[in-house]
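In what follows, a structure is listed as structure tokens, so that the remarks can point back to it.
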Amino acid sequence: MDLSFTPEEQAFREEVREFFRTALPEKLRAKLRAGHHVSKDEQVEWQRTLNKKGWAVPHWPVEWGGTGWDPVRQYIFREELMAAPAPEPLAFNASMCGPVIIQFGSEEQKKRFLPRMANLDDWWCQGFSEPGSGSDLASLKTSARRDGDFYVVNGQKTWTTLAQHADWIFCLVRTDPSAKPQRGISFLLIDMKTPGITVRPIITIEGGHEVNEVFFDDVRVPAENLVGEENRGWDYAKFLLGNERVGIARVGASKERVRRIKLLASESRHGNPPVLENARFREKLAAIEVELKALEMTQMRVVANMATLDGKPDPASSILKIKGSEIQQTLTELMVELAGPEALAYQPHGADGRNEPAAAPEWALTSAPNFFNYRKVSIYGGSNEIQKNIISKQVLGL
Amino acid sequence: MDLSFTPEEQAFREEVREFFRTALPEKLRAKLRAGHHVSKDEQVEWQRTLNKKGWAVPHWPVEWGGTGWDPVRQYIFREELMAAPAPEPLAFNASMCGPVIIQFGSEEQKKRFLPRMANLDDWWCQGFSEPGSGSDLASLKTSARRDGDFYVVNGQKTWTTLAQHADWIFCLVRTDPSAKPQRGISFLLIDMKTPGITVRPIITIEGGHEVNEVFFDDVRVPAENLVGEENRGWDYAKFLLGNERVGIARVGASKERVRRIKLLASESRHGNPPVLENARFREKLAAIEVELKALEMTQMRVVANMATLDGKPDPASSILKIKGSEIQQTLTELMVELAGPEALAYQPHGADGRNEPAAAPEWALTSAPNFFNYRKVSIYGGSNEIQKNIISKQVLGL
Amino acid sequence: MDFDLSEEQRLLKDSVERLVADKYDFESRKRYGAEPKGYSDALWTQYAELGILGLPFAEEDGGFGGGAVDTMIVMEALGRALVLEPYLATVVLGGGALRRAGSAAQRQKIIPQIAEGSLKLALAHAEPQARYNLANVAATAKRDGDGWVLNGAKSGVLHGDSADLLVVSARVSGDQTAENGVALFLVPADAGGLTRRGYATQDGLRAADIDMAGVRVGADALIGGESDGLAVVRRVYDDAIAATSAEAVGAMQRALELTVEYIKTRNQFGQPIGNFQALQHQAVDMFTALEQARSMAMYATMMTQEEDADERARAMAATRVQVGRSGRVVGKNGVQLHGGVGVTIEFAIGHYFKRLTMIDAMFGDADHHLGILSDLGGLLPAA
Amino acid sequence: MDFDLSEEQRLLKDSVERLVADKYDFESRKRYGAEPKGYSDALWTQYAELGILGLPFAEEDGGFGGGAVDTMIVMEALGRALVLEPYLATVVLGGGALRRAGSAAQRQKIIPQIAEGSLKLALAHAEPQARYNLANVAATAKRDGDGWVLNGAKSGVLHGDSADLLVVSARVSGDQTAENGVALFLVPADAGGLTRRGYATQDGLRAADIDMAGVRVGADALIGGESDGLAVVRRVYDDAIAATSAEAVGAMQRALELTVEYIKTRNQFGQPIGNFQALQHQAVDMFTALEQARSMAMYATMMTQEEDADERARAMAATRVQVGRSGRVVGKNGVQLHGGVGVTIEFAIGHYFKRLTMIDAMFGDADHHLGILSDLGGLLPAA
């Protein structure tokens, strides 16, 4: 057991850091640090920069654009990316649909989709959740009826993140209504330009537009867009959700946020003593740092065990989502506390004419919206209650 | 709505306070403040002092020794008693079995038992829980078979507090094994000297002996000791548990403990700065004070509503147990923190020969045992989980 | 000790609750928020008709002689519906300064206009650099003949953009954070040299940043003395703490109801999610938080009468701690139990969460007040 | 980065775990605790035979050349069984002072006796007035010819009552809380002028208060320099923090297992209480706390090698915060889920709860270390 990084790993970290230092546009870095979302164009441009370097999809097989890095190097890369901070490669392409196609797709599908995915020529989104199927995903109702060489899709998906930008959607659809819930589901790739698809925005509580409803009305999808076997989609979805685990702790992003809070809290504003001189604030921050360091070590254990456990999930990996989301939420809350009365003003991006600019800095104005928005992280991707049910059953055997 | 005490109520408080100032033996006060239990003799002597004053059972009807005080005065009395601090009248007599006999007992039972209860001539204990029936009390198995003018009792009770001192025990026993669980239960009064009763101590984690197991082996109990009707015992038990509600918050006791912690924490020990100068400790204490003040107000709401709600429980009363136990536990924990390294030494009352006295003050030496022991308060009398189930069902309708 | 409402209070409670129940469902609220001022002037007229705009003011001043309990009743009812109109700004804050320190002439001129709904007020005290230090006042007032000239900046003035009349604090003497030397002035919103930048707040209300550059007011604009304005502000803020605590209780109560209704009807795994024990216990935690906050809101209401400023400060700090913490529990659990829809703007629960968060942030958050309380030695004496 | 154990470490882990599994069930532990010294000398001999008493010491001193990871492995296994023997006192604390600062002569004389199990040590550093301030040393050492005379009082010396040889800190120069001027001495427990009062500790271990009145030792009793003993103590305490964190992880792991076993078999309302979701989630909280503590115990183990004292201090403080808090969660939930039997001395869970509480209290509790960490600026730099 040796918990330090090797000199080679340290050198690799420096190489990655240097790349981000030079290749990442300063404007993008500043935008992320102020708590803003990046635009579609910015995301695409950045992912192409990564892809040119050969780092857009590090964990994919080398033949499809991967790097061949071991789990530790992949971890270092992700940490440095979040620390930069740089936009992460679009998860729907890189971590979700891509790996499914690599694992279960046909050779034709791989050739057709993977290179465009890596280069973000196609923007993908995820069609899993439905209004009646949130935690209980297997109860989904969107149907795909076979009609010659096509599937005819009807139904509704929801919580579809960034569907407004998407060229393609990967969907779970019910192909056998008579089978047991998990058995009759298939994994289908659908071109968003197909007639019959309607995207309707869902506005989140802080006023942002990240998620959407997607309606399917007799949408005809070529049968060649089925991934793997018909009615085996549930297995592919489980594989996909398993892949999410390590990234989901978002340790690097939280570390960046801690550093940022420290910097802001150590500055004297308006001639007042820095907030960091307040022992209570300092200790609250330190307490989160402890949780975060522990989570980082837990994540490293999981990463290091990936090689030895051979695909079987490490029991400790199941806490990454719960702890990771708690930490992220607490940090957004601490940011609101730091902003104090300057968190009050609401400044929508598209000014609605009735809002004049408030005299507060950008980071303070985004603090409350981020706090509100981040309630989602304990809800999506399997709520923390569902995560606890899973640990209870799978790890503790209850 | 007027949330202040009237001048008459203030005067009453002064009268009560003055009585405790003069009538309560200093030794008893000191013992309670140091975190020790009082002996049987001390408890008896004190309850007789109260009874002589006419204050041993304030909430009983005047004809049986009660005071006729309204709920607010009863509340003030209880608060001052705990603030003194003085031993509370033995709950098994005053708040549990007494009210059941008053409400459901026969005239003979009242005459025979109530005066001796009030004067603590008889020490009562409670025979409800069984090894297999904790949270699920209705599953109890101790049987009472009718045999002429007697019931023959067989079975086992547990968690019987201070059974080692007891002259009598009030028991829930199963008189109809064929009925539904709640329906076949009766409420029986049993003389602890009856042949066939064995009391076995249960030692709690901190080494104390408060609770016991009580075994019944063909114990013959006169049928006249049945309270109310046969097979209606579950109703009487529910009535009894309902009576516990207000006292169970133990606001007065917690206030006394807060004052004590403040005093101890404001003293400089060994020339060090007082612990209260540590902002973190001070804020932790203040946070508990807030919870406690809120609970006190909640309790006062419940008390004040007793008159108007006419016996129906105030929904707010259901939080008294949960919050009260949380506060008590946190205060014992804070006391351990205050004691610091001086909490380490274990000094059993009956020295076992291998323990020499440690150089730490009495309050520090009792801090950890009290912390350990007080885990019980979120378990007994319906665990906090059970309390939450009850609120969920009865208050929220879930 | 008596927690019962009087017959009059019961009537008041019923009538305010009925009004908001009739007029302030979630969809209506959205419409009111889209009106030019960010709230409904039509509703404001109805509040006047109901008598609640003049409620806490003395009858001889044109008010209705209500007490702190009456304000608590109104605020709790308004909180249930997340009412957008500037009741707090006009009646409790701006009007409160007049009530607590205005001259008879000022009161008798202004209060009838408040009561009839024709005049809205705001209290412009906070400044960008002050954070939560009420004594930090950099705006200045200089004598100018009989009158005064005001200069400086005020920020986050609740409903300052639509107020007709502002109560403005400014320093007459002393250092920027001195306890003495602050005065309060009545300043018409359209006074020369005064500019306002109005904006929405995170909870859907409105506020303004205000600049004063040589704003001239007459001698009759001074409220109270030249030096003790800060004590008035403290007193009015204490009133506002009690009032917003009651508002928070109303909001928490409704948030709990919405959540319980939701989990009773939302089905997953073939049953209402309200059947799941872990979710039930989270709802119970909301209930407990609510009841503890309700108790402290009552306590704060009672303590607004306390004349000892230190005693009052302890009570208000303690109340803010409990109400702030309870608000977080209720808001967060409410959203969490709603799941995905809880974070959308189409469901009411998220708006309750936002308002509860902002009530906490408004006069110093729960932890800030915990610090105040602990520095004051807490609530109980050592013994 | 590599979390795998070496082949040797795996063997070590297996053999220690097997020993305690065989010899240290709950009933045996009770018997050992009732022996005259409060633990089992027979077991001590077995530890010696297993090689763990000499484990962390250099081979040239008569040890086995193990590293921090080996100590972690042993302590975790001992923690699982709540082992009573003075491993921490002898090997980590007393032996640690020798290992970190003893002369070759001292090491080569004493370490073989530790390794063979014939000599037990204790570290007598804490004093009644010091609370958690390691620099507060009032005991004095004065030169006396070639040797020294020691005076003063030590308190809460872990296993000080049965130790053969004490490592005692005393002030040679400087103020009572000065960082410099403290020296460490080897003092035989039967030295003239030294008295011990032994007592049980809350967790069933033993400790002693020690008085020194004119205790004479020779020149060769001095460990390290005359002035830098405190740095040695800090280093040894850091080693002990890593070691007790591993012990706590072992205890938490077992406490979780016991709890899960219990709720799987305890029936109420016609089913195992482990079926109830609220209880399941409490058990999951225990698991999460355990895994976070395990991660930090590993981190602390790694950081015992760190030569920068400040960096090490941050890491150790952070570890104590996590392990202390995790210990409370595991201990409290474990007892709560056991219900009534959890607070009886007959069930193991309560003993785990007590030991976890005392580990937290031993070198400064979690909140104390949170203060240290925050005063050191936390773990991450601002950016």
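Check whether at least one residue in the range D:83-93 is modelled with pLDDT of 95 or more and exposed (fewer than 14 other Cβ atoms within 10 Å of the Cβ), and report yes or no. No, every residue in the range D:83-93 fails to be modelled with pLDDT of 95 or more and exposed (fewer than 14 other Cβ atoms within 10 Å of the Cβ).
Would a scan of the range C:101-120 turn up a residue that is closer than 30 Å to C:ILE372 by Cα and either modelled with pLDDT under 95 or not aliphatic (A, V, I, L, M) (or both)? Within the range C:101-120 (the criterion being closer than 30 Å to C:ILE372 by Cα and either modelled with pLDDT under 95 or not aliphatic (A, V, I, L, M) (or both)), the answer is yes, since at least one residue qualifies.
Scan the range D:293-303 and give yes if some residue there is closer than 24 Å to D:LEU373 by Cα and either of a type in the set (Phe, Trp, Tyr) or not in a helix (DSSP H, G or I) (or both), otherwise no. Yes, the range D:293-303 contains at least one residue that is closer than 24 Å to D:LEU373 by Cα and either of a type in the set (Phe, Trp, Tyr) or not in a helix (DSSP H, G or I) (or both). Cβ separations smaller than 9 Å between residues 6+ apart or across chains give the following pairs from the range C:292-309 residues that are at the interface with chain B (Cβ under 8 Å from one of its Cβ atoms) to residues that are among the hydrophobic types (A, V, I, L, M, F, W, C) and in a loop (DSSP other than H, G, I, E, B): C:MET298/B:MET1; C:MET298/B:LEU3; C:MET298/C:PHE3; C:TYR299/B:LEU3; C:THR301/B:MET1; C:THR301/B:LEU3; C:MET302/B:MET1; C:MET302/B:LEU3. Can you find a residue that is within 14 Å of chain A (Cβ to nearest Cβ) and not hydroxyl-bearing (Ser, Thr, Tyr) anywhere in the range C:213-228? So far as the range C:213-228 goes, no, none of its residues is within 14 Å of chain A (Cβ to nearest Cβ) and not hydroxyl-bearing (Ser, Thr, Tyr). When D:ARG206 is tested against the conditions (1) at positive phi; (2) touching a Pro at 6+ places or on another chain (Cβ under 9 Å), the lone failure is (1). In the range B:239-276, of all residues being charged (D, E, K, R) and within 14 Å of chain D (Cβ to nearest Cβ), the one that is nearest to B:CYS97 (Cα to Cα) corresponds to B:GLU267. Filtering the range B:12-27 to residues that are part of a helix (DSSP H, G or I) and within 15 Å of B:GLU80 (Cα to Cα) leaves B:PHE12, B:ARG13, B:GLU14, B:GLU15, B:VAL16, B:ARG17, B:GLU18, B:PHE19, B:PHE20, B:ARG21, B:THR22, B:ALA23. If you check B:ALA279, B:ALA287, which single one turns out to be crowded, with 21+ Cβ neighbours inside 10 Å, under 30 Å from A:GLU283 (Cα atoms), within 14 Å of chain D (Cβ to nearest Cβ) and touching a Lys or Arg at 6+ places or on another chain (Cβ under 9 Å)? So the residue among B:ALA279, B:ALA287 that is crowded, with 21+ Cβ neighbours inside 10 Å, under 30 Å from A:GLU283 (Cα atoms), within 14 Å of chain D (Cβ to nearest Cβ) and touching a Lys or Arg at 6+ places or on another chain (Cβ under 9 Å) is B:ALA287. Answer with yes or no whether D:SER173 is assigned by TED's automatic domain parsing to the domain that holds D:ASN133, polar (S, T, N, Q) and within 28 Å of D:ASP41 (Cβ to Cβ). Considered against the rule, which asks whether it is assigned by TED's automatic domain parsing to the domain that holds D:ASN133, polar (S, T, N, Q) and within 28 Å of D:ASP41 (Cβ to Cβ), D:SER173 comes out as no.
Checking the structure you have, find out if any residue of the range D:337-360 is within 11 Å of chain A (Cβ to nearest Cβ), surrounded by 21 or more Cβ atoms within 10 Å (Cβ to Cβ), closer than 20 Å to A:GLU291 by Cα and of a type outside the set (A, V, I, L, M, F, W, C). No, there is no match, as no residue in the range D:337-360 is within 11 Å of chain A (Cβ to nearest Cβ), surrounded by 21 or more Cβ atoms within 10 Å (Cβ to Cβ), closer than 20 Å to A:GLU291 by Cα and of a type outside the set (A, V, I, L, M, F, W, C). Pairing each residue of the range B:43-56 that is assigned to a loop (DSSP other than H, G, I, E, B) with any residue that is at pLDDT below 95, provided the two are 6+ apart or on different chains, yields C-beta distances under 6 Å for B:ALA56/B:PRO89. Every listed requirement among (1) assigned to a loop (DSSP other than H, G, I, E, B); (2) under 21 Å from the mean Cα position of the chain (by Cα); (3) more than 14 Å from chain A (Cβ to nearest Cβ) is met by D:ALA21 save one, (1). Just so you know, in the range D:125-157 the residues that are more than 10 Å from chain B (Cβ to nearest Cβ) and assigned to a loop (DSSP other than H, G, I, E, B) include one that is nearest to D:HIS368 (Cα to Cα), and it is D:LEU134.
On inspection, A:GLU63 does not qualify as of a type in the set (D, E, K, R), in a helix (DSSP H, G or I) and buried (at least 21 other Cβ atoms within 10 Å of the Cβ). Each residue in the range C:212-246 was checked for being hydrophobic (A, V, I, L, M, F, W, C) and more than 30 Å from C:MET296 (Cα to Cα), and 8 pass.
The number of residues in the range A:379-397 that are part of a loop (DSSP other than H, G, I, E, B) and either in contact with a Lys or Arg (Cβ under 6 Å, 6 or more places away or on another chain) or within 8 Å of chain D (Cβ to nearest Cβ) (or both) comes to 2. Being of a type in the set (Phe, Trp, Tyr) and within 14 Å of chain C (Cβ to nearest Cβ) is the filter; apply it to the range B:1-60 and report the residue that is nearest to B:PRO369 (Cα to Cα). Out of the qualifying residues, it is B:PHE20. Being within 13 Å of chain A (Cβ to nearest Cβ) and more than 30 Å from A:GLY207 (Cα to Cα) narrows it down to one residue among C:GLN202, C:GLN277; which is it? Result of the check over C:GLN202, C:GLN277: C:GLN277.
From the list D:ARG312, D:ARG320, the lone residue that is part of a helix (DSSP H, G or I), of a type in the set (D, E, K, R) and surrounded by fewer than 24 Cβ atoms within 10 Å (Cβ to Cβ) is D:ARG312. Inside the range D:246-272, residues that are touching a residue at least 12 places away in the same chain (Cβ under 8 Å) and within 11 Å of another protein chain (Cβ to nearest Cβ) make up a count of 5. Filtering C:ALA283, C:ALA189, C:ALA242, C:ALA200 for residues that are at pLDDT below 95, of a type in the set (A, V, I, L, M) and surrounded by 18 or more Cβ atoms within 10 Å (Cβ to Cβ) leaves a single hit, C:ALA200. Filtering C:GLY334, C:GLY364 for residues that are more than 7 Å from every other protein chain (Cβ to nearest Cβ) and either touching a Pro at 6+ places or on another chain (Cβ under 7 Å) or not in a helix (DSSP H, G or I) (or both) leaves a single hit, C:GLY364. Residue check: B:ILE386 meets all listed conditions (1) surrounded by fewer than 20 Cβ atoms within 10 Å (Cβ to Cβ); (2) at pLDDT 85 or above; (3) over 20 Å from the mean Cα position of the chain (by Cα) but one, namely (3).
Checking C:PHE3, C:PHE57 one by one, the residue that is in contact (Cβ under 8 Å) with a residue 24 or more places away in the chain, away from chain B (no Cβ under 14 Å), at negative phi and not acidic (Asp, Glu) is C:PHE57 and no other. Screening the candidates D:LEU290, D:LEU379, D:LEU356, D:LEU370 for the property of being on the phi < 0 side of the Ramachandran plot and in a loop (DSSP other than H, G, I, E, B) yields one hit, D:LEU379. Screening the candidates C:ALA89, C:ALA77, C:ALA115 for the property of being within 14 Å of chain A (Cβ to nearest Cβ) and part of a helix (DSSP H, G or I) yields one hit, C:ALA89.
Just the residues that are within 14 Å of A:LEU50 (Cβ to Cβ) and not small (Gly, Ala, Ser), please, taken from the range A:16-35.
Narrowing the range A:16-35 to residues within 14 Å of A:LEU50 (Cβ to Cβ): A:16, A:19-20, A:22-25, A:28.
A:VAL16, A:PHE19, A:PHE20, A:THR22, A:LEU24, A:PRO25, A:LEU28, listed by residue number.
The values are calculated or read from the model by the stated rules, or taken from the named source; none is laboratory data. What you see is a predicted model; the values in this text were computed from it and never measured. Reconstructed Cβ throughout: ideal geometry from the backbone, glycine too, with neighbour counts over all protein chains shown.
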